[in-house]
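Contents: one structure, followed by commentary.
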Amino acid sequence: MEFEKHIIDKITELSGLMRETVENAVEIPPEKKLGDLAFPCFVLAKTMRKAPPAIAKELAEKIGSDEYIDRVEAVGGYVNFFYRRDVFSKTVLSAIKSAGENWGSSDIGKGRTVLVEFSSPNIAKPFHIGHLFSTAIGNSLEKIYRHLGYQTVKINHLGDWGTQFGKLISAYKRWGNKEVIDKDPINELLKIYVKFHNEAEKDPSLEDEARMYFKMLEDGDEETTALWQYFRDISLIEFERVYNMLGVSFDSYAGESFYSDKMQEVVDLLDNMQLLSDSENAKVVNLSDCNIPPCIIVKSDGATIYATRDLAAAIYRKRTYDFHKNIYVVGTPQALHFKQIFSVLDKMGYEWAKDCVHVGFGLVKFADKKLSTRHGDVVFLEDVLNESIQKTLEIVSKNSPSMENKEEVAQKIGIGAILYAFLKSSRERDIVFSWDDMLDFEGESAPYVQYSYARGRSILRRTDIDYLNADVSKITSDDEYALVSLLAGFEDAVRDAADKNEPFYVTRYVTNLARAFNKFYNSYPILKNDVDEETKKARLLLVDAVTQVIKTALALLGIETVESM
């Protein structure tokens with residue numbers, strides 16, 4: 001924003017500090033009564049040999065007012081800057097109108113590629129509510145990075161390899177019925193998978209049989225490979241239906257199996273670098289110097305482990321995409337695993353290991369349910385989405401019985417409500433699933449934000465006034481100016497979200513914007529007859545800008561807007 005740049009230039013010139021130092025020091029005051037921007041003078045106390053309050057008073061007097069600055073005040077050790085509201089509002093609203101859906105975007109990522117691995121369900125297992133955490137966060141992060149100019153690649157690292165498939169093959173050969181499974185793939189595969197575990201508790205030799213089948217799969221046995229392919233194909237069809245509901249797509253479905261022919265190179269590289277050591281007949285990389293347990297590369301039975309595949313995947317991705325950042329959106333319980341992987345890559349001499357980032361997240365909790373595929377007690381994501389849509393349809397039908405497109409509106413609001421609930425807090429916090437909170441049209445929820453957007457669009461539809469060239473000096477009240485200031489801060493929220501890999505910065509931003517808009521809406525008449533024409537135009541321009549930014553912000557969260565509700 002040119003206002004901030006202008007002030008930083010002035011402080012740099014008068015203080016003798018490096019520009020970067022000033023940029024890092026300026027801050028947004030906690031309250032609007034303290035100004036739009038503040039500079040703490042404590043960094044100058046040592047060089048100027050004066051008390052910060054005296055330095056602040058001197059700087060404030062030297063800078064004074066100009067075409068951007070209305071006034072400057074020294075308060076304690078701070079210099080507080082107040083923008084000229086009319087100029088600031090005109091600049092912001094004109095920029096938003098010009099940028100449209102690109103408001104808040106930048107080119108800081110130009111020429112850089114960011115990979116985002118997310119969702120990554122296990123083949124032949126339910127796509128449960130817990131998977132939505134990874135799916136929602138990863139989908140949003142990819143959109144956020146793309147908004148900042150990065151080339152992005154969305155990777156679904158499917159869990160389609162490992163001993164679990166030996167178990168499933170064993171279960172299928174014992175109890176599977178293809179005709180029954182084809183009618184309801186995931187449920188039926190889950191049934192025989194659960195049955196395998198129940199039987200294996202009675203007969204431990206089944207575990208040995210499962211390991212044997214997986215070894216046959218690794219060795220390319222024709223029958224086991226055909227069964228594995230069948231499980232994968234029918235699972236993807238089921239998954240795709242859920243992804244379509246969520247509006248999620250991927251650039252790559254290269255899962256664990258994709259790297260089955262690339263793992264030997266990893267083992268050979270580690271061996272040649274003398275990084276492998278024996279531990280109870282397994283091959284491991286010792287990481288004691290990193291204060292973490294050793295990373296197993298080859299198990300005692302000669303089979304590889306998912307760590308081997310993750311190492312192969314990282315090397316492949318660097319060679320293929322030359323990534324600037326390689327992000328893994330995987331639950332926090334896997335933090336140690338990724339520390340091991342990144343540490344091994346570092347020991348292998350790959351300086352890009354530092355560009356691999358684990359983005360962890362918490363758990364989904366129910367008052368009376370626990371998620372455990374092994375025992376078959378699982379909450380299917382598709383069921384949750386459908387229930388949310390149905391509950392929303394009931395609310396919409398009750399509140400707007402004559403609405404023509406109730407089903408479409410309920411779909412967008414119902415799914416948006418679920419996504420918002422997973423993105424409204426810091427990702428490492430656990431979620432306690434609550435329909436009342438998710439579908440609260442007046443609380444901290446997607447329906448509340450979507451309603452704010454629809455309310456604004458409704459105002460704009462009810463008038464034919466041409467407001468594009470409005471005189472924005474008509475909207476300089478505290479509430480109106482607070483709304484403009486929030487609009488100006490959108491890019492900062494997007495950058496914070498990318499810097500910290502935390503979509504909730506955008507969620508929090510758009511919620512605050514909706515609150516500020518509703519306060520403005522309830523306090524200032526817009527289309528009433530007693531409002532003069534120029535004020536109407538200025539307020540309509542503000543409403544238009546707010547709805548545009550709400551729509552863009554929600555889109556970065558993977559949430560759609562509705563024009564009426």
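Only a single item in (1) at pLDDT 95 or above; (2) buried (at least 18 other Cβ atoms within 10 Å of the Cβ); (3) under 30 Å from residue 241 (Cα atoms) is not met by residue 378, and it is number (1). Scanning the range 197-225 for residues that are in contact with a Phe, Trp or Tyr (Cβ under 8 Å, 6 or more places away or on another chain) and either β-branched (Val, Ile, Thr) or without any contact (Cβ under 8 Å) to a residue 60 or more places away in the chain (or both) yields 206, 210, 213, 217, 224. Only one of the numbered conditions (1) in contact with a helix residue (DSSP H, G or I) (Cβ under 9 Å, 6 or more places away or on another chain); (2) within 16 Å of residue 230 (Cβ to Cβ) is not met by residue 183, and that is (1).
One residue stands out in the range 291-338 among those that are in a helix (DSSP H, G or I) and among the β-branched types (Val, Ile, Thr): the one that is surrounded by the fewest Cβ atoms within 10 Å (Cβ to Cβ), namely 320. Cβ-Cβ distances below 7 Å connect the following pairs, each with a first residue in the range 35-51 that is in contact (Cβ under 8 Å) with a residue 60 or more places away in the chain, a second residue that is in a strand (DSSP E or B), and a separation of six or more residues or different chains: 36/81; 36/82; 36/83.
Listed here are the residues, each with its yes/no results for (1) over 38 Å from the mean Cα position of the chain (by Cα); (2) under 30 Å from residue 322 (Cα atoms); (3) buried (at least 16 other Cβ atoms within 10 Å of the Cβ).
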residue	(1), (2), (3)
150	no, yes, yes
153	no, yes, yes
162	no, yes, yes
190	no, no, yes
203	yes, no, no
207	yes, no, yes
210	no, no, yes
214	no, no, yes
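All conditions but one from (1) within 22 Å of residue 422 (Cα to Cα); (2) out of contact with any Ser or Thr (no Cβ under 6 Å at 6 or more places or on another chain) apply to residue 543; the one that does not is (1).
Of all residues in the range 315-329, those satisfying the criterion of being over 13 Å from residue 258 (Cβ atoms), within 22 Å of the chain's Cα centre (by Cα) and not polar (S, T, N, Q) are 321, 323, 324, 325, 327, 328, 329.
Here's the yes/no breakdown for (1) in contact with a helix residue (DSSP H, G or I) (Cβ under 7 Å, 6 or more places away or on another chain); (2) among the β-branched types (Val, Ile, Thr); (3) crowded, with 17+ Cβ neighbours inside 10 Å:
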site	(1), (2), (3)
404	no, no, no
415	yes, yes, yes
419	yes, no, yes
432	no, yes, no
436	no, no, no
445	yes, no, yes
453	yes, no, yes
492	no, no, no
503	yes, no, yes
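Conditions tested, residue by residue: (1) in contact (Cβ under 8 Å) with a residue 12 or more places away in the chain; (2) surrounded by fewer than 16 Cβ atoms within 10 Å (Cβ to Cβ); (3) touching a Gly at 6+ places or on another chain (Cβ under 9 Å).
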| residue | (1), (2), (3) |
| --- | --- |
| 508 | yes, no, no |
| 517 | yes, no, yes |
| 520 | yes, no, no |
| 529 | no, yes, no |
| 542 | yes, no, no |
| 557 | yes, no, yes |
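Scanning the range 98-131 for residues that are touching a Leu at 6+ places or on another chain (Cβ under 7 Å) and more than 30 Å from residue 385 (Cβ to Cβ) returns 106, 108, 109. For the range 50-92, the candidate set comprises residues that are more than 14 Å from residue 36 (Cα to Cα) and among the acidic types (Asp, Glu); within that set, the residue that is surrounded by the fewest Cβ atoms within 10 Å (Cβ to Cβ) is 67.
When residue 134 is tested against (1) farther than 30 Å from residue 320 by Cα; (2) part of a helix (DSSP H, G or I), just one condition goes unmet, and that condition is (1).
Screening the candidates 65, 89, 119, 134 for the property of being of a type outside the set (Lys, Arg) and closer than 23 Å to residue 552 by Cβ yields one hit, 89. Do we find that residue 446 is under 16 Å from residue 565 (Cα atoms) and within 19 Å of the chain's Cα centre (by Cα) in this structure? Against the criterion (under 16 Å from residue 565 (Cα atoms) and within 19 Å of the chain's Cα centre (by Cα)), residue 446 qualifies. Just one of the listed residues (492, 437, 479) is touching a Ser or Thr at 6+ places or on another chain (Cβ under 9 Å), closer than 19 Å to residue 83 by Cβ and in a helix (DSSP H, G or I), and it is 479. Select from the range 161-197 the residues that are over 16 Å from residue 233 (Cα atoms) and of a type in the set (Lys, Arg) and write down the one among them that is modelled with the lowest pLDDT. Taking the candidates together, the pick is 191.
Can you pull out the residues in the range 135-148 that are crowded, with 24+ Cβ neighbours inside 10 Å and either of a type in the set (Val, Ile, Thr) or in contact (Cβ under 8 Å) with a residue 60 or more places away in the chain (or both)? Selection gives 135, 136, 137, 138, 139, 140, 141, 144, 145, 147. Every test in (1) within 26 Å of residue 557 (Cβ to Cβ); (2) touching a residue at least 12 places away in the same chain (Cβ under 8 Å); (3) surrounded by fewer than 22 Cβ atoms within 10 Å (Cβ to Cβ) is passed by residue 449 save one, and that test is (3). Residues in the range 503-558 that are of a type in the set (D, E, K, R) and either at pLDDT below 95 or more than 24 Å from the chain's Cα centre (by Cα) (or both): 519, 528, 530, 532, 533, 534, 536, 537, 539, 544. No other residue among 60, 95, 74 is more than 33 Å from the chain's Cα centre (by Cα) and part of a helix (DSSP H, G or I) apart from 60. Restricting 266, 242, 194, 248 to residues that are outside any helix (DSSP H, G or I), surrounded by 14 or more Cβ atoms within 10 Å (Cβ to Cβ) and out of contact with any strand residue (DSSP E or B) (no Cβ under 7 Å at 6 or more places or on another chain) narrows the list to 248.
The values are calculated or read from the model by the stated rules, or taken from the named source; none is laboratory data. Everything numeric here is computed off the predicted structure, so don't read it as measured data. Positions of Cβ are backbone-derived with ideal geometry, glycine not excepted, and every protein chain shown enters the neighbour counts.
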